[in-house]
Structure formats: C-alpha cells, structure tokens
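The values are calculated or read from the model by the stated rules, or taken from the named source; none is laboratory data. Keep in mind it's a predicted model, so treat the numbers as computed, not measured. Glycine also receives a Cβ, built like all others from the backbone with ideal geometry; neighbour counts cover every protein chain displayed.
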Amino acid sequence: MIASVMATLDGSKLELESLVSLLSRRSEIEVGELQNNRLPMTFESPEATGLEQLTDWIADLPGVSQIDVIFVHLESEDRVQ
C-alpha cells in the first residue's frame, strides 16, 4: 500500500530541519524537498491501517499544521499480475 501526502509545516528554520530529519529516519517514509513550508512525502505499508497510522502520527507532530492526502493505492501486490 502506498500513499502520497503534502504536509504544511510551521516553525523556525531549525525546527523544520529537525522535523524533516525525524521523518527522513523512518524507513517507510520517503521525504521530498521542503519548499515554502510544504513537504511532500510518500508512505509505504503492507496494510492500509499502517498508512492511516503514519498520517495520524505525522499530523500530531509539533510543527505540522496540515496534511493533504494526494494519492492512495490500496491494492496489494498479491493481486497484481
């Protein structure tokens, strides 16, 4: 399962860099380039609930003011031929 999101961040430059570093250390999150306090990310999880849990965890982090879900692909690899 894959999801692409755009997080809107709020904070000082140091706080934002720290937040991006924290997110980058998670193996299931691919972090894009921070531009104008907007951070694109892609999540990967074997289950849909994992995508939801990641989104909720990030939304609760200090400095995250909003998360927009851009794309979700829920079909498991077992079904793809």
Check: Of all residues in the range 21-41, which are hydrophobic (A, V, I, L, M, F, W, C) and over 10 Å from the mean Cα position of the chain (by Cα)?
Finding: L22, L34
Item checked: V72 vs. criteria more than 21 Å from L22 (Cα to Cα) and of a type in the set (A, V, I, L, M) -> yes
Note to self: Under 8 Å between Cβ atoms, which residue pairs at least 6 apart in sequence (or on different chains) link something in the range 15-31 that is closer than 11 Å to L61 by Cβ with a partner that is assigned to a helix (DSSP H, G or I) and modelled with pLDDT of 95 or more?
What the structure shows: L23/I58
Notebook entry, point to check: Take the residues of the range 57-80 that are of a type in the set (D, E, K, R) and modelled with pLDDT of 95 or more: which is nearest to E15 (Cα to Cα)?
Noted result: D60
